[in-house]
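Every number here is computed from the coordinates shown, using simple stated rules; none is lab data. Predicted model only: the values in this text are computed from it and were never measured. Cβ placement follows ideal geometry from the backbone for every residue including glycine, while neighbour counts extend to all protein chains displayed.
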Amino acid sequence: MGRDDHGTMSHPHYGESHSDRLARKAKDAPFMVAGLVGLVGLVGYGIYGFRSRKIKTSVYLIHMRVMAQGFVVMCLTAGVGYNLYMRHVHPRFYPPSIEEKKE
């Protein structure tokens, strides 16, 4: 949801399919897609490791939880770093052109 020119909430994406929505979200927030891929990877690794584990279940689940939390922290840190780069460093090296300033 976004705000239109009058400050009211608008819903511009009603007719989107799931693949169109995922493509739009990937463009708007690329780290969300990385998070989803990491989730699928960790769940797959967890299922595989659970079947062939040699340690107690409680210890294994604690290890999986720590790996998942580490992945989330890594994605958040990468997202914040990317956002800071795009806001502060990128404009200094690549200033907007005159045509972009007019819009």
What's the center-to-center distance, using Cα atoms, between region 60-77 and region 36-54 in Å? 12
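So how much slack lies between Ala26 and Val80, counting 0.36 nm per residue of separation and subtracting their Cα-Cα distance, in nm? Before the final figure, lay out the partial values.
Details: separation 54, 0.36 × 54 = 19.44 nm, distance 1.61 nm.
Extending this stretch completely gives an extra 17.8 nm.
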Distance in nm between Met67 and Val37 label points, each 7 Å along Cα→Cβ, equals 1.8
Rounding to the nearest 20 debye, state how big the charge dipole of region 12-56 is about its Cα centre with +1 on each Lys and Arg Cβ and -1 on each Asp and Glu Cβ. 440
Which peptide among 30-36, 18-24, 63-69 comes first, and what is the full order, when sorted by highest mean count of other Cβ atoms within 10 Å? 30-36, 63-69, 18-24
